[in-house]
Amino acid sequence: MRIDDLRAFMLVAQHGSLHRATEHMGVTQSALSKALGRLEADAGMRLFERSPRGVTLTLVGESLLARARQVVLATHDFEQEVEAQRAARSGKIRLAATPYLVATVLTPVIARFLARRPLASFAVETRLTQGAIQALQSGEADFACGGLTADVPDDVCRAPLQPLHLRIVTREDHPRRPTFRTLADLVNERWALPQTSSSLYQVLADPFAELGLPPPRVAVEWTGSGVPIAELLRNTDLLGLLPHRTLTGPDGRGLCVIADGERLREPEVALLWRDDGYLSPLCLEFREALVGFSREGETDTTHKPKDLTGRSAATVIE
């Protein structure tokens, strides 16, 4: 069986559709069908059940999927190790991270890192935490940067970073801004928030519920697509959540904190990587740089990062 065929098989299984898989891979549906045909010929059995709605794995397909992941990840790790030995301090670091963390944590660390390692390169994809973990486990990312969650798999290591200090914000010239003193004052307002299945949404929804208030009225719901939330808030009457670090930087221009007396839960975030995955010397150096940057910004000693090999349960954030 060819490694590229196994990769194609995994993508079709993930998307449940040849059409969506071809869009992700950038190949023709004919080429993808040939790859699946070769695998089914090697297996001597059908791997997918096909229907007008897409494809679903057969029992044999499910068995192959578990083994294909192991083979593809092992091949990727070997290729990375060989490449690292060939090009010591150069190479690519692949990151999957929540949009909040891309802006407040990753961007300044990457800027510093490139100044020190100009031959390094980065691939950054914005996803919510569960999507970032999926990218990590599939071998699409070297690191995931997102929430500490009780659902993090056992084979994923973590280094806690500085918690997100989220604030409720709106534009400075919002016509009703002087009346925004408590959560009760915000009930009739419309919001730009993470999708309602995300725990970042729950950071706001939970205190609303505790006060017996209806949930926030979401006008714009975003996932991991990197929506420029600050720009959206500057140009509408919507309310939103932004990290304190964002408000103190250029992206905070024209925005202000409202209902400042309301204390929101501070979600815990972490850098994640596969326990059995290969990390190049460059990746290891970047990991140390990111954790060090987080320590610089800490003001609460109770959130000091643990040892890089440690695992600990924590609250969910996506």
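Numbers at a glance
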| quantity | calculated |
| --- | --- |
| Within the stretch 188-206, tally of residues that are assigned to a helix (DSSP H, G or I) and either in contact with a helix residue (DSSP H, G or I) (Cβ under 6 Å, 6 or more places away or on another chain) or exposed (fewer than 15 other Cβ atoms within 10 Å of the Cβ) (or both) | 1 |
| Close pairs from the stretch 179-192: first assigned by TED's automatic domain parsing to the domain that holds Trp222, partner among the basic types (Lys, Arg), Cβ under 9 Å, at least 6 apart | Asp185/Arg176; Val187/Arg217; Asn188/Arg217; Glu189/Arg176; Glu189/Arg217; Arg190/Arg217; Trp191/Arg217 |
| Given (1) exposed (fewer than 13 other Cβ atoms within 10 Å of the Cβ); (2) in a strand (DSSP E or B); (3) not assigned by TED's automatic domain parsing to the domain that holds Gly292, number of the condition Glu62 does not satisfy | (2) |
| Verdict on Glu49 being assigned to a helix (DSSP H, G or I) and of a type in the set (Asp, Glu) | no |
| Qualifying residues in the stretch 19-43 (those that are more than 25 Å from the chain's Cα centre (by Cα), of a type outside the set (Val, Ile, Thr) and farther than 24 Å from Ala74 by Cβ) - the one modelled with the lowest pLDDT | Gln29 |
| Which listed residue, of Ala270, Ala259, is over 30 Å from Val71 (Cβ atoms) and either at pLDDT 85 or above or not aromatic (Phe, Trp, Tyr) (or both) | Ala259 |
| Filter pass, Val203 being modelled with pLDDT under 90 and within 28 Å of the chain's Cα centre (by Cα) | yes |
| Single match in Thr170, Thr236 (criterion: buried (at least 20 other Cβ atoms within 10 Å of the Cβ) and either at pLDDT 95 or above or more than 28 Å from Ile133 (Cα to Cα) (or both)) | Thr170 |
| Every residue from the stretch 10-55 that is of a type in the set (Lys, Arg) and under 25 Å from Gln134 (Cα atoms) | Arg20, Arg50, Arg53 |
| Count - residues of the stretch 24-59 that are touching a residue at least 24 places away in the same chain (Cβ under 8 Å) and either outside the structural domain of Arg7 (by TED's automatic domain parsing) or on the phi > 0 side of the Ramachandran plot (or both) | 1 |
| Residue among Pro163, Pro175 that is in contact with a Pro (Cβ under 7 Å, 6 or more places away or on another chain) and under 30 Å from Arg253 (Cα atoms) | Pro163 |
| Qualifying positions in the stretch 226-266 - among the charged types (D, E, K, R) and under 18 Å from Gly146 (Cα atoms) | Arg245, Arg265, Glu266 |
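The values are calculated or read from the model by the stated rules, or taken from the named source; none is laboratory data. Not measured: the values here are computed from a predicted model. All Cβ positions, glycine included, derive from the backbone under ideal geometry; neighbour counts span all protein chains shown.
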